[in-house]
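Student: Could you have a look at this structure, given as structure tokens, before my questions?
Since every read-out is calculated from the coordinates, none of them should be taken as a lab result. Keep in mind that what you see is a predicted model, and the values were worked out from it rather than measured. Methodologically, a virtual Cβ is constructed for each residue, glycine included, from the backbone with ideal geometry; neighbour enumeration extends over all protein chains shown.
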Ligand code: RP5
């Protein structure tokens, strides 16, 4: 659901359009759970004013969580967390060098006082699901859909197990 007409509840942002190949998984997870969200490229280094504006206005626009993905010197999630009171989920995007460890460490090692919930390298799907869980604490319909999602996963594992055993 890209920039749908419904008021977005989650912002999915990324440092570059090149991060979309990873960040699409967050968007897909949110769409599957029926959560309206917006997608935006916001660079911590190339569009600094936009980054600050986005973070400062996010809560007032009705967003309840931000998922921020970036690679390399991945300062976007941390900088957003500095300018918003919303929960920020960071997605370390793997680039061609250093196996994504640079991205992970840039995002996860936040100073005390400014938290970022960091998922695994390229873990955009879990970022989407975590944002949904955050929303689910105040929205029973979303929480119900998350429980149904978990039951689906369980069923899939058991079906594969049954096939394995013939
Ligand atoms: C980061 O630099 C972006 O998040 C991206 O992962 C990386 C490379 O960006 P491009 O050079 O592909 O635009 O800020």
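Student: May I ask you to sort 14, 79, 110 by Cβ crowding, counting other Cβ atoms within 10 Å and putting the fewest first?
Tutor: 110, 79, 14
Student: Out of all DSSP beta bridges in the chain, what portion is antiparallel? Express it as a percent rounded to 5.
Tutor: 0
Student: Fully extended, how many nm does the chain gain between residue 150 and residue 165 (0.36 nm per residue separation, minus their Cα-Cα distance)?
Tutor: Between residue 150 and residue 165, full extension yields an extra 3.1 nm.
Student: So what is the 222 nm mean residue ellipticity for the chain from helices alone, if each DSSP H run of at least 4 adds -39500 (n - 2.57) and you divide by all residues, rounding to the nearest 500 deg cm²/dmol?
Tutor: Result for the chain: -14500 deg cm²/dmol, rounded to the nearest 500.
Student: Nearest 10 degrees is fine. How inclined is helix 124-136 to the longest principal axis of the chain, computing both from alpha carbons?
Tutor: 90
Student: What is the angle, in °, between the Cα long axis of helix 20-32 and the longest principal axis of the Cα atoms in the chain? Nearest 10 is fine, range 0 to 90.
Tutor: Helix 20-32 and the main axis of the chain meet at about 50 degrees.
Student: Quick check: the angle from helix 48-58's long axis to the longest principal axis of the chain, C-alpha only, nearest 10 degrees?
Tutor: For helix 48-58, the angle is close to 60 degrees.
Student: Now, a different point. Neighbouring Cβ atoms within 10 Å as the yardstick, rank 54, 149 fewest first.
Tutor: Placing the least packed residue first, the sequence is 149, 54.
Student: Semi-axes, largest first, in whole Å: what does sqrt of 5 times each Cα gyration tensor eigenvalue give for the range 3-80?
Tutor: One finds semi-axes of 20, 16, 9 Å for the range 3-80.
Student: Please check: in the Gaussian network model of the chain (C-alpha springs, under 10 Å), which one of 89, 114, 66 has the largest mean-square fluctuation.
Tutor: 114
Student: Still on this structure: Per q in 0.09, 0.13 1/Å, what log10 I(q)/I(0) does a Debye calculation on the alpha-carbon atoms of the range 10-139 return?
Tutor: -0.20, -0.43
Student: May I ask you to sort 33, 76 by Cβ crowding, counting other Cβ atoms within 10 Å and putting the fewest first?
Tutor: Fewest-to-most Cβ neighbours within 10 Å comes out as 33, 76.
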